[in-house]
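A short write-up of the structure that comes next.
The values are calculated or read from the model by the stated rules, or taken from the named source; none is laboratory data. The structure displayed is predicted, hence computed values, not measured ones. Neighbour counts run over all protein chains shown; Cβ positions are idealised from the backbone, glycine included.
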Amino acid sequence: MRKCKQCNKKYKPFRANQIVCNEECLVALFEQLPPRQRTRRIAREYSITLGYKSISEVRCAVAFKKHGISYQYEDLKLQYRLPEQNYIPDFRIQFKDGYNIFIEYKGKFTPKDRRKLLSVKECNPTIDLRLWFERSTNKLSSKAKSTYGEWADKHGFLWYDRDTVEKLFTEILELEKKCERKTSKATKESVKV
């Protein structure tokens, strides 16, 4: 058992380098650092202790938990291109009826990321892949006129940023309610038969 560096609760670590008990404590601990110490390296070190790649992905996880949305983090590989390559979306929201929403968080949206997402979409046309941008108003490059959000619109991706992410949570919660109604209705009908 260890003591959390943020809330002082005792917890059983699942990683050797784990310093806090959960994602909320990790974000709080990071935010308490003086601005000069909040470097990318420190953020990455903190994030890795809970198995995430970035502090922003930890913040996404905290937001999902805050809204009562269960998720899986980088648990599923999607095949794209030939020869076979695998793409692992950041978050997967799985509903009881088997429907999945995949969410990819993007701070920096490089040309390589854009090509990969287009290929994934082309090879997996039935999946619901959505993008969550740190800032959707960022330009694709210093010379580009279009933004991350405009690129996503042009290529048919649903997208959110910090100003519109509440819409994502609302949509997920509404889909969960619909799924609950479907499964309870199906259960009632099977009981009648």
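For every residue, the table says whether it meets (1) surrounded by 13 or more Cβ atoms within 10 Å (Cβ to Cβ); (2) without any contact (Cβ under 8 Å) to a residue 12 or more places away in the chain.
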| position | (1), (2) |
| --- | --- |
| TRP132 | yes, no |
| SER142 | no, yes |
| TYR148 | yes, no |
| ASP153 | yes, yes |
| LEU168 | yes, no |
| CYS179 | yes, no |
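Can you list residue pairs whose Cβ atoms sit under 7 Å apart, with the first residue in region 88-117 being farther than 17 Å from LYS77 by Cβ and of a type in the set (Ser, Thr, Tyr) and the second being crowded, with 20+ Cβ neighbours inside 10 Å and modelled with pLDDT of 95 or more? Count only pairs 6 or more apart in sequence or on different chains.
Listed pairs, sorted by first residue: TYR105/ASP90; TYR105/TRP132.
Any chance you could count how many residues in region 39-68 are under 16 Å from ILE19 (Cβ atoms) and assigned to a loop (DSSP other than H, G, I, E, B)?
Within region 39-68, residues that are under 16 Å from ILE19 (Cβ atoms) and assigned to a loop (DSSP other than H, G, I, E, B) number 4.
Look at region 24-60 and say how many of its residues are at pLDDT below 90 and of a type in the set (Asp, Glu).
2
If you go through region 147-193, how many residues are in contact with a helix residue (DSSP H, G or I) (Cβ under 8 Å, 6 or more places away or on another chain) and either at pLDDT below 95 or within 20 Å of ALA63 (Cβ to Cβ) (or both)?
The initial filter retains those residues of region 147-193 that are in contact with a helix residue (DSSP H, G or I) (Cβ under 8 Å, 6 or more places away or on another chain), namely 151, 155-161, 165, 169.
Next, only the ones that are either at pLDDT below 95 or within 20 Å of ALA63 (Cβ to Cβ) (or both) stay: 157-161, 165, 169.
Matching residues across region 147-193 total 7.
Being touching a residue at least 60 places away in the same chain (Cβ under 8 Å) and of a type in the set (A, V, I, L, M) is the filter here, so list the residues in region 30-75 that pass it.
If the condition is that a residue be touching a residue at least 60 places away in the same chain (Cβ under 8 Å) and of a type in the set (A, V, I, L, M), then ALA63, ILE69 are the ones that fit.
Among ASN8, ASN17, which is the only one that is without any contact (Cβ under 8 Å) to a residue 12 or more places away in the chain and more than 18 Å from ILE172 (Cα to Cα)? Show your work before the answer.
On the way: ASN17 fails: without any contact (Cβ under 8 Å) to a residue 12 or more places away in the chain.
Checking each option against the conditions leaves just ASN8.
I'd like to verify a number: residues in region 155-166 that are out of contact with any Lys or Arg (no Cβ under 8 Å at 6 or more places or on another chain) and in contact (Cβ under 8 Å) with a residue 40 or more places away in the chain, how many? Spell out the reasoning first.
So in region 155-166, the residues out of contact with any Lys or Arg (no Cβ under 8 Å at 6 or more places or on another chain) come out as 163-166.
Right, trim to in contact (Cβ under 8 Å) with a residue 40 or more places away in the chain and you get 165.
Result for region 155-166: 1.
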